[in-house]
Structures are given as C-alpha cells and as structure tokens.
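Engineer: Shown below is the structure under consideration.
The values are calculated or read from the model by the stated rules, or taken from the named source; none is laboratory data. The model shown is predicted, which means the values in this text are computed figures rather than measured ones. Heads up, the Cβs are rebuilt from the backbone with ideal geometry, glycines too, and the neighbour counts pull from every protein chain shown. These accessible areas exclude ligands, DNA and RNA; they are computed on the full protein's heavy atoms, side chains included. Shrake-Rupley method; radii C 1.70, N 1.55, O 1.52, S 1.80 Å.
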Amino acid sequence: MKRLSAAFERRKVLVAYLCVGDPSIDESVDLARACIHCGADIVELGMPFSDPTADGPAIARASQRAIAAGGGFAETIRAATALRASESEAGIVLFGYYNPVFVQGEARAVADAAAAGADALLIVDLPIEESEALRAAAKVRGIGVVPLLAPTSRPDRIAAVRKAATLSPLPFLYYVSLTGVTGAGVDGTALPSPGRGLQLSAAREAGERAAALRDATGIPVVVGFGIDSREKARTVAMGADGAVVGTALVRAIEDGKTAADRRRAVEKIVRELRAGVDEAGGGSSA
C-alpha cells in the first residue's frame, strides 16, 4: 500500500497491464521489468481466465494462450514474486476475475498475493458491495483492493466506494472510460487495429469525470480502456491522477516475432505514454 501511495504522491502515474504467461511466465516478468524501467509506476499482472467478460478480443486471446501454456493464479503469484525480487519500489497489482480467487479461497488468495509482494488486488467482476470479505482479508495482510467505476455508475455505487474507503484501504480507483470491453471503440465494438480506441473528446470527458470522482471520494483515480497514444494519455491525465495502458501492450506482444521484438515494442509504447502523462504535469491533488 505504501508503494502505491508513494507513486501517486510523486507524480501522475502510468499503469501498465500485462497478461501473465503470454507468451511465457519468464518473458512476462521480463516485460514487466521493461515497463517499469521505461516509466510505468504500477504494473497490473493479469491473471489469465477462461471467460474474461470485460476484456476485448486481444486480451481474451492472450488469456487463452497463457492458459494453454499452463498459466493461472499460481503462475501469476510466481511472476509477482520474481518481479518484486528485482523491483522493490514499483507498484504491483494482481488484476483478474473473481472465480480463481473463489476457487483458491479469499483468505489464502490474499495471503499468497501479500507474500508475493503484491500491493493490491483488482477484481473486475466483484462489485464494491460484494467485496467486504475480500477487503477485510486484504486489510489484515496490509494490501488493498482497487474498485472500478464506470460512466454508468450510479450515485449509490459511488457512495458505496466512499463508505468502503472509511473501512479499509482503497489505494486508488480505476475509472473505465467507456462502456463495452477493453480495446474497444466508443460504441463498444472491437477494434481491428491499435490507434482507434478512445476519442480525444471522450478522453477529455473521462479525465474530467475522474477528477470529479477523486473530489467525491478523496481517492486517486486512474483512467483505463482505449488509451493507446501519447495524446490520449496526456488528455486523460489532465484531470485524472494517471492513465492505464493494456490492450496496446497485449497487441504488441501478440504481433512480436521474437522476444527482442516484443520488448522493443512494449518499451516504445510505455515511453510514449509516459511522456504524455508527464505532459499533463504535476502529482496527485488527492
């Protein structure tokens, strides 16, 4: 938790998502290190899942490849452990769906995450109203649970997040910039190629909404879904406390012919988005 708090105190953050096990566990760890060294403050280690309902085709394919290679909750824990061994200051968030956590058992899953050096869990299909037990277990272990809010979130959902923050640590909020799935266009349809995600007008609106949510909850807010360029990262971060890149990285990994190609592509994307976030200026005002 302290690592995440420190990241937001230093500057606007860049969060990088990777699907662990695509193309291999060891390469996922290497790519996560590359993201950190190129400017990502927080790495989301995606736990591959067979039915990733919030994810678009690119991340769904990555999950399928990772599972076919033997990936899952235990391998994600192994990756987090390896990453933490070499990256003592970076934020690490385990990102995924509730089913693997349920199968593992909430208490054990949280204990494993904490032992691996993770700072928080982000469970995309577990609403804040249903997460009390997980948050309580995480609090005991000194790690956080990151809630999600969306353009469709009602005032009562926002109030529930605000109330939850008084009971257990919420390191930051993840604001979903658009309805639909990751790597989607504004209308929620899947994109055939990168560079057509969130429109700039929608990015500006998402940043403004993130700022309003930060003011309403007192918690830093990052914006994800559809951010795949320097300009979009800058536009979002003008209001938000940070930006998230995921699908663009996953596509670059999918398209890379060799490990060197994949690393170069990931590094290029992270550097570009880091520059955009930095152009927004300043640290968190939370």
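Engineer: Given the structure, is Ala40 in contact with a helix residue (DSSP H, G or I) (Cβ under 9 Å, 6 or more places away or on another chain), hydrophobic (A, V, I, L, M, F, W, C) and touching a residue at least 60 places away in the same chain (Cβ under 8 Å)?
Structural biologist: yes
Engineer: Which members of the stretch 168-207 meet the condition of being within 23 Å of Ile128 (Cα to Cα), touching a Lys or Arg at 6+ places or on another chain (Cβ under 7 Å) and either modelled with pLDDT of 90 or more or aliphatic (A, V, I, L, M) (or both)?
Structural biologist: Correct list: Tyr175 only.
Engineer: I would also like to ask the following. Working carefully through the options Asp30, Asp22, find the one that is modelled with pLDDT of 95 or more, assigned to a loop (DSSP other than H, G, I, E, B) and at negative phi.
Structural biologist: Asp22 is the lone residue from the list that is modelled with pLDDT of 95 or more, assigned to a loop (DSSP other than H, G, I, E, B) and at negative phi.
Engineer: Any idea how many residues of the stretch 227-266 are part of a loop (DSSP other than H, G, I, E, B), closer than 19 Å to Asp278 by Cα and open to solvent by 10 Å² or more (accessible area, probe 1.4 Å)?
Structural biologist: Within the stretch 227-266, residues that are part of a loop (DSSP other than H, G, I, E, B), closer than 19 Å to Asp278 by Cα and open to solvent by 10 Å² or more (accessible area, probe 1.4 Å) number 5.
Engineer: Right, another one. Please tell me if Val270 is part of a helix (DSSP H, G or I), in contact with a Ser or Thr (Cβ under 8 Å, 6 or more places away or on another chain) and crowded, with 19+ Cβ neighbours inside 10 Å.
Structural biologist: no
Engineer: Also, I was wondering about something else. Restricting the first residue to the stretch 123-144 and requiring it to be under 21 Å from Phe49 (Cβ atoms) and open to solvent by 30 Å² or more (accessible area, probe 1.4 Å), which pairs with a second residue that is outside any loop (DSSP other than H, G, I, E, B) and acidic (Asp, Glu) meet a Cβ separation below 9 Å and a spacing of at least six or different chains?
Structural biologist: The qualifying pairs are Ala133/Glu106.
Engineer: Let me ask something additional. I'd like to check something: does the stretch 77-100 contain any residue that is of a type in the set (Phe, Trp, Tyr) and under 15 Å from the mean Cα position of the chain (by Cα)?
Structural biologist: Within the stretch 77-100, one or more residues are of a type in the set (Phe, Trp, Tyr) and under 15 Å from the mean Cα position of the chain (by Cα).
Engineer: Here's something else I'd like to know. Has the stretch 14-24 got any residue that is of a type outside the set (Gly, Ala, Ser) and surrounded by fewer than 24 Cβ atoms within 10 Å (Cβ to Cβ)?
Structural biologist: Scanning the stretch 14-24, I find at least one residue that is of a type outside the set (Gly, Ala, Ser) and surrounded by fewer than 24 Cβ atoms within 10 Å (Cβ to Cβ), so the answer is yes.
Engineer: So, one more: Anything in the stretch 72-90 that is open to solvent by 20 Å² or more (accessible area, probe 1.4 Å) and either of a type outside the set (Asp, Glu) or assigned to a helix (DSSP H, G or I) (or both)? List them, or say none.
Structural biologist: Phe73, Ala74, Glu75, Ile77, Arg78, Thr81, Ala82, Arg84, Ala85, Ser86, Ser88
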